[in-house]
Each structure stands twice: as structure tokens, then as C-alpha cells.
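See structure below.
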Amino acid sequence: MPDFSKPSIEYAHLLPLLIVFGGACLGVLLEAFLPRGRRHLPQVVLTMATVLAALGSTVWIWQDTNLKDYGDASARGLVGAEGSVIVDGPTIYLWGLILLFALAGTALFSERRLEGGVSAFAGQAAALPGSEAEREASTRGLDHTEVYPLLLFAVGGMLLFPASGDLLTLFVALEVLSLPLYLLSGLARRRRLLSQEAALKYFLLGAFASGFFLYGAALTYGYAGSMSFAGINAAVVAGNGDRTLLLAGIALLCVGLLFKVGAAPFQAWTPDVYQGAPTAVTAFMAAGTKIAAFGALVRLLYVAFGAERWSWQPMLWVVAIGSMVLGAVLAVVQTDVKRMLAYSSVAHTGFLLTGVLGVQSAGDLADGQYSSLQGVLFYLTTYGFAMIGAFALVTLVRDAGGEATGYERWAGLGKRAPWVAGAFAFFLLSMAGIPLTAGFVGKWAVFTSAMSAGAWPVVLVAIGSSIVAVFFYVRYIRLMFFSEPAAGEGATVTMPSVMTTATVAVCLLVTVLLGVVPGPVLDLVTHAGEFIR
């Protein structure tokens, strides 16, 4: 009989994942046993406590990893769960970042003051828009508190995504993070048809991504005979297989992940999803999904296909240039603030891909330069705080129909609500990469690594796209501070609860600090080291 060995699971180092999934399951039990009118506060408390506990365990793992001697200062950590999960410096940093934005997402989800005592989520998602059932649910103040377990399941998938050590685990993480977001996108209390359309489009985008990814995984397995990143890398280094399978597998896997990061030409319905989903969900998706997907993409390219970089780099050149140009140009003509931020996100995807093109190892760099991984990690940090803060402010600008996202509605906002307009303007300036903001330091980090790898044509396009981006960002600033609204066109600002106020304040403070004193976070991403290979 064949020998059977018990699998070894490093539970302590998987604690953040276990805490988040455990909290999500407890949230489902609360939904089952608590009366509907008494679920909101317990769900918010449980979600906050779960995320905080996972964040605390992440900090403990970071300290434990740094105290141990692994013999290689650039790659500390372990390969756990029989090789399916890799807990190293970049993984732990991304975990901390995702959990911070999960806290912000929970705070925005719990906002009830803006809608007169109810949340921004539909009272009864199954009711047809405009039907008597929907009106009754709205009159009774019903609330979908299922959003909190769904958020935790999505966070669990996001944590697993950049930590995956093989293609099967990567696919499972992709589905776990995506399925809850499809549901959350269709739960807006107002503009129900637009929200349901966003959910359907997001589902179709995700289906395409999953299909491409699975086909690419099958071809890669046919080439390497292994699903693990280490096994694939060994097969690529040996170079004994059919290169057609390898190249096709790389292309299809990248297409699947590029769908998730919103890169051109795979961004198709991303602006529609950003516009139609509840703005709190949009804020959480814009930051969390991109961070998790970029972590997974960079690990796949650097660890599994690092020896084949001369094959996938030209593809990323094209995708990065296309994302920056398309995102910047189409953002100029948008008349809805959420769609403008969506196309801005596409352009930022191109900037991040520019960083991915940089050198792979910190050892190959001169003093004062940062590796591509470190530049991407820092850029994701600056991008995430600016995006969540900007979308949180969008929820405050309202008229009789709810959120006022039309371009004309923001005219003269600087006079009616100078603090809101000023904070939004600062987030836009950071996205534009203006000096003394976090965005400037982030762009400098990724552009430096790309230049060191000889990708100067992509950097030139990135600089040109940044200049175009300045135009549409400054256009909104001019609209808010130097334009007068037409009669009856101006929107007002509704005072939010402490949760939303704290989220905006923290995002604004971090954006300012990362622009003025970025050193501690740059040191942190440098100390995170490189991926375990």
C-alpha cells in the first residue's frame, strides 16, 4: 500500500485567513438567528472585530518573520499548506494593506445618516425596481445586513490571492473574492436598475476572467506538469517542454488577471460597474481588488515565469501603454465623477504595470533606487488611500435624488462646503502626482524602477499621460472653487456619521504624510524584501 503522510498546515501563519473566514461564517449565523431589525449593530461590531483581530495577527506574523533567520535577508517567510500558500514579506505587507482598507470599507458600509437612518443598500434586493414590494421595503426601513459577511468573504479571497503558491489556489482565491463583489454591486438602494446592470456586467467580466485563467492554467500544466509556481519555474528554467504551450499559457493567465486589475483593453465595463455599484462598495473594490490582483499578478510573473520575462515583458509594455493612454484620454470627456474616477483607475493600472516592468531584484539596483516590487507596493498604498477617500467624499455630495455625481452638480461646491471640496481636491492632486502628495512619490518609485530596466518609452508615455490626467483633475478643482452653479443645479453636502468622517480624515492624513515624509513606508516596503522563489 502507498505510504500516506499527514499534510502539514502552519495554522499560526495562516491566522489572518482563518480569522476572516471564521468571522464571515459567524456573520452568516447572525443572519440566520437574529431578527432582521436587530442585525445591523452586531454585524458591524463582528466585522470590525474580525478585521482588527486579523490585522493584529498580521502584525504578529510580520514581527515573527523578521525575528527568524532564514539565511536570506531578501526573502523571508515560509511556504505553507503543502506549498499552496506562501507567507513572505510582500504577502504580509499586502495583507496589512487589504485589512486596513477592509476597515475603511466596513465604516463606509455602516453609514446610515446619509439616507435618513438606513444604509445605502437595498431593503429587498429581490424586489423589482419600482414595484410595490420595493416601496414597502423602503417604507419599513429594511436593510441588507448580509453585506457584512459578504465583505468578509471578499476580504478572505483578497488575502489568499497574493499569497497563493499554485494555480489551483490562485483560482479558488479569484472566485472567493469575486463572487461576493458581484452580489454587493447590485444592492444599491437608489438607481436600482443601474446597480443591477452593474452587477450583471461585473459577473460577465468575472466569467471571462475565470475562463481565460482556467484555460491558461491547463496549458501551463501541460507544459510544466505542475501547478505550483516553484514547479513551473523549474520547468521554464529547464526549457524541455513545448514553448507554444508555455507562451499561450502565460498569455491566457495574464489576460485573466488583467481583467481583475482593470487594464486596457480588458477594462470594458469597469466604469459601468464603478458607476452603478453602491459607492461604498465601489470604494472598497477600487482599492482592495486592485491590491490583491496586482499582488497575485506580480507573484505569478516573478516567481513562476521569472525566467521567461523576455517573453511577457513586451506584452506588458503594450498593455501598460494602452491602459495609461485610454484611461487618461477617456477620463477627460466624462461627465460623471464616478466614471471619471473609474477611468482614472484604468490609467493608474497602467502606471502600476510600468512599475512591474522594472528590475526584479533589489540586489540589481544602485543605492537610492527601488525594485519594481517595492515601487508597486508603495504605489498601491498611495493609490488605495486616495481612492477610498475620494469615493467616501462622493457619498456626501447629494441632491433630492441621492448622490449627485453629475459634473454640473459639483459647481461651486468649494463655497458651500470648503472642507469637503478641499479634501477632494487634495485627493485628486495626489492621483495626478503633484509634488508634496503621496501620488508623486508613488509615481517616482515606479518610474525609477522602470527606467532602471530600460523601459524608458513606457515611462515617457506615463509622463505624458500624467500631464493629460492633470487636466481633468484640475478641471474638477476649477469647477468646485471657481464656477457658479446654474439655478437649481448645485448639490449640497450631507453631514455624515463618525464612521465616514473618520475614514476620510485618516485617508487624508495618510495621503499628506506619505507625500511629505514617505521615508517610513518606503523603508517598510524595502524591509518586506522579495518573493520567496
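Each reported figure results from applying straightforward, stated rules to the coordinates on display, with no laboratory input. Predicted, not measured: the structure shown is a model, and the values here were computed from it. Virtual Cβ from ideal backbone geometry, glycine too; neighbours counted across all protein chains shown.
Things to note:
- Straight-line cross-link partners of LYS201 among the lysines, defined as a Cα under 29 Å from its Cα and at least 8 positions apart when in the same chain: LYS260, LYS290, LYS338.
- For the peptides 512-522, 162-172, 421-431, 190-200, residues were scored by their other Cβ atoms within 10 Å and the scores averaged per peptide; the highest-first order is 421-431, 162-172, 190-200, 512-522.
- Ranked list, fewest to most other Cβ atoms within 10 Å of each Cβ, for CYS507, CYS25, CYS254: CYS25, CYS254, CYS507
- Neighbour-count ranking [beta-carbon atoms within 10 angstrom, fewest first] of HIS40, HIS348: HIS40, HIS348
- Residues whose placed amide H lies under 5 Å from that of VAL85, excluding near-sequence neighbours: GLY80, GLY165
- Using θ = phi - 60° in the Karplus curve 6.51 cos²θ - 1.76 cosθ + 1.60, the 3J(HN,Hα) couplings for region 297-307 round to 5, 5, 5, 4, 6, 7, 8, 6, 10, x, 6 Hz; x is entered for Gly and Pro.
- From phi via Karplus (6.51, -1.76, 1.60), per-residue ³J(HN,Hα) for region 36-53 in Hz, x at Gly/Pro: 4, x, 10, 8, 4, 4, x, 5, 5, 4, 4, 5, 4, 5, 4, 5, 5, 5
- Karplus 3J(HN,Hα) series, Hz, for region 78-84 with 6.51 cos²θ - 1.76 cosθ + 1.60 (x for Gly, Pro): 8, 9, x, 6, 6, x, 8
- Relative contact order computed over the chain (Cα-Cα under 8 Å; 6+ residues apart), in percent: 16 percent
- Tilt relative to the chain, helix 519-528 - C-alpha long axis, 0 to 90 degrees, to 10: 40 degrees
- Only one of (1) 49, 30, 21; (2) 38, 31, 25; (3) 36, 28, 21 was calculated from the structure for semi-axes √(5λ) of the Cα gyration tensor in Å, and its label is (3).
- Note on ALA207 and LEU168: their simple-model spin labels are 2.6 nm apart, each label 7 Å out from Cα toward Cβ.
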